Amino acid sequence: MKDNRDTVTMSRLKEVALARHPRRAVIYLLLGLLLVGGLGFGLGSRWHPGVEPAQAAQTVSPAVQSLEAAFVGVAKEVTPAVVHIRVETQPKPSEEEDFFAPFRPFMPQVPRRRPMPRQGTGSGVIIDSAGYVLTNVHVVSEAARITVVTAGEQEYKGEVVGTDPETDLAIVNIDSDEPLASARLGNADNSEVGSFVMAIGSPFGLEATVTTGVISAKGRTLRRRESPYSPFRDLLQTDASINQGNSGGPLVNLKGEVIGINQAIMSPGPGTGNVGIGFAIPINSQTQAIIAALKRGESFVRGRLGVYLRDMERGLAEIYGVKQGAFVEQVIPDTPASEAGIQEEDIIIGYDGQPIETSDQLVSAVQRTRPGTEVTIRLIRDNKEKRVVVAIGKKTKEVTAAKTGPEEPTKGRLGLWVSELTPETASSLGVEPDTKGVVVKNMDPVGDAARAGIRPGDIIVKVNLTPVRNLKDYTRAVAKLKVGRPATVRYHRGDQIRTAVIEEVTE
């Protein structure tokens with residue numbers, strides 16, 4: 001009886017307490033509901049009455065199962081055709097590396113020090129059972145020895161058959177007694193942004209590694225430090241992980257077709273690695289024609305117009321009244337463009353029925369055109385639209401060499417791209433035609449020179465106390481600059497001459 005009275009007493013006390021404190025009653029009620037609901041949710045997430053674990057697994061969506069099966073099938077189909085490439089390069093001995101170089105004439109018996117070979121790795125994909133491997137030029141360039149390792153761990157000696165530096169595509173051949181597993185080439189033009197893709201290769205030497213993602217963008221342009229005016233164009237962008245060693249491996253769609261060759265990544269800094277922005281050379285009608293030519297040991301022939309171009313930047317657009325197109329900076333004499341009457345300051349807005357919005361778009365269209373083909377070009381001149389017919393020429397190695405001569409800017413220190421100053425360029429920049437120096441064509445926006453106030457179009461005539469008359473003088477002068485020390489640059493800007501002070505050289 002005592003226990004019962006105690007229980008009743010406690011209940012009564014609670015009732016009295018709740019009556020005196022109605023807010024507590026509400027709090028107790030809410031806590032109770034949350035507790036019961038939480039227990040119910042927890043039980044519901046852990047236990048399904050009458051459902052065994054095997055049955056629960058079968059509740060995965062058929063669409064998800066189908067997608068997983070597609071990825072697994074593609075990996076099984078294409079991976080046997082993906083290879084790991086080991087490259088050995090033999091650096092050339094230089095006078096600086098040879099301590100005894102000054103004494104060689106007097107000490108011929110002293111052995112010459114041989115530079116140590118350098119090792120590199122990359123990936124590739126077999127596209128022909130006869131042993132033709134598609135990869136990047138930068139993977140196999142300057143290779144003294146190439147070893148190709150197949151998915152079956154068979155090693156073969158590789159031989160470069162052909163290279164196309166403008167696209168960074170290369171063909172390596174391996175000699176096998178038996179037909180090799182090969183992959184099918186597709187057409188990246190049929191893919192869309194958002195399409196699933198798979199990258200296969202050997203990142204950091206880990207062979208047969210598969211990563212997945214989507215096509216993030218198409219038609220990307222990737223500028224090259226060593227040749228900023230000859231970028232890689234029309235690239236695919238993907239978030240499938242691409243890292244060091246993946247270069248040359250295939251980017252594959254869910255049909256098991258190779259639609260790209262992995263080329264590069266964008267990272268915020270050295271050693272950062274993949275951050276979800278990778279680039280691949282698209283496989284399409286043009287690159288398939290290039291690949292076919294390389295397999296035959298031939299160079300791919302491109303079309304040529306004969307102009308230097310730039311995009312319609314904001315300033316140009318405001319002055320010329322045209323928002324999009326390819327602005328003609330210069331017309332090269334004795335070229336299809338000059339013969340057709342194209343002039344400097346023309347703005348090309350159409351090519352062979354195709355609208356032109358950027359200079360890269362025009363360059364790609366011209367290079368795809370077979371030499372000798374006549375095309376109609378639409379352009380704006382003096383606010384009036386005109387049409388000219390041009391017979392596209394042939395871009396040869398000689399033409400390329402000429403383009404990379406004095407007129408082609410070269411990257412030096414201080415974050416500058418400079419080129420020889422011609423009398424015509426000097427006059428156009430507001431100085432006397434006989435002015436000597438180098439002209440700034442492009443620059444790193446956060447480089448040493450940019451921070452000191454130098455701009456494109458400035459004419460450099462002195463670095464520190466060294467006069468600069470030509471590109472050779474400039475190269476020698478900047479080579480003497482010491483990192484961490486100040487430097488001065490004298491330059492013309494129009495009819496004024498100025499001095500830029502670099503507080504501390506960093507590059």
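What follows draws every value from the coordinates through simple rules; no lab data is involved. None of these values were measured; they are calculated from a predicted model. Quick reminder, even Gly has a Cβ in these numbers, built from the backbone with ideal geometry, and neighbours come from all protein chains shown.
Applying a DSSP loop filter and a limit of 14 other Cβ atoms within 10 Å to the GluC sites (Glu not before Pro) in the stretch 153-261 leaves GLU153, GLU192, GLU226. Sorted largest first, the principal axis extents computed over the alpha-carbon atoms of the stretch 245-377 equal 47, 40, 27 Å.
Would you mind working out the magnitude of the charge dipole of the stretch 409-502 relative to its Cα centre, with +1 at each Lys and Arg C-beta and -1 at each Asp and Glu C-beta, to the nearest 20 Debye? Rounded to the nearest 20 debye, it is 520 debye. Across q = 0.10, 0.17, 0.25 Å⁻¹, the stretch 409-502 modelled as identical point scatterers on its alpha-carbon atoms has Debye log10 I(q)/I(0) values of -0.21, -0.63, -1.44, in the order of the q list. The phi-based Karplus calculation (6.51 cos²θ - 1.76 cosθ + 1.60; θ = phi - 60°) puts the 3J(HN,Hα) values of the stretch 421-427 at 8, 8, x, 5, 5, 4, 4 Hz, whole numbers, x for Gly and Pro. Taking amide H atoms as placed 1.01 Å from N in the peptide plane, the amide H of VAL438 lies under 5 Å from those of ILE460, each 5 or more residues away in sequence or on another chain. Annotation: amide H-H contacts under 5 Å for LEU185 (H modelled 1.01 Å from N, sequence separation of 5 or more, or interchain): VAL258. Tell me, what HN-Hα J-couplings in whole Hz come from the Karplus equation 6.51 cos²θ - 1.76 cosθ + 1.60 at θ = phi - 60° for each residue of the stretch 243-253, using x for Gly and Pro? Per residue, the Karplus-derived 3J(HN,Hα) values read 10, 4, x, 6, 3, x, x, x, 9, 10, 8 Hz.
Site pair LYS482 and ASN442 shows an inter-label distance of 3.3 nm when each label is modelled 7 Å from Cα along Cα→Cβ. For ARG304, the residues whose modelled amide H falls within less than 5 Å of its own, excluding neighbours fewer than 5 places apart on the same chain, are GLY393, LYS394, LYS395. Only Lys, Arg, Asp and Glu carry charge here, each on its Cβ (+1 for the first two, -1 for the last two); on that basis the stretch 322-391 has a dipole of about 280 debye about its Cα centre. Ordering THR422, HIS492, ILE502 by the projection of their Cα atoms onto the charge dipole of the stretch 409-502, which places +1 on the Cβ of Lys and Arg and -1 on the Cβ of Asp and Glu, puts ILE502 at the extreme positive end. Annotation: the residues TYR320, TYR132, sorted from fewest to most other C-beta atoms within 10 Å of their own C-beta, follow the order TYR320, TYR132. Couplings 3J(HN,Hα) of the stretch 308-324, computed from phi: 9, 10, 8, 6, 7, 6, 4, x, 4, 4, 5, 6, 9, x, 10, 7, 10 Hz, in residue order, whole Hz [Karplus 6.51 cos²θ - 1.76 cosθ + 1.60, θ = phi - 60°; x for Gly and Pro].
Taking 7 Å along the Cα-to-C-beta vector as the label spot, tell me the LYS255-LEU67 distance in nanometres, rounded to one decimal. A separation of 2.1 nm, rounded to one decimal place. Kirkwood hydrodynamic radius of the stretch 302-398, from the reciprocal of the average inverse Cα-Cα distance over all distinct pairs: 13.1 Å. Computed extension gain for VAL389 through GLU374, at 0.36 nm per residue and net of the alpha carbon distance, reaches 4.8 nm. Ranked by how many other Cβ atoms sit within 10 Å of their own Cβ, fewest first, the residues PHE204, PHE196 fall in the order PHE204, PHE196.
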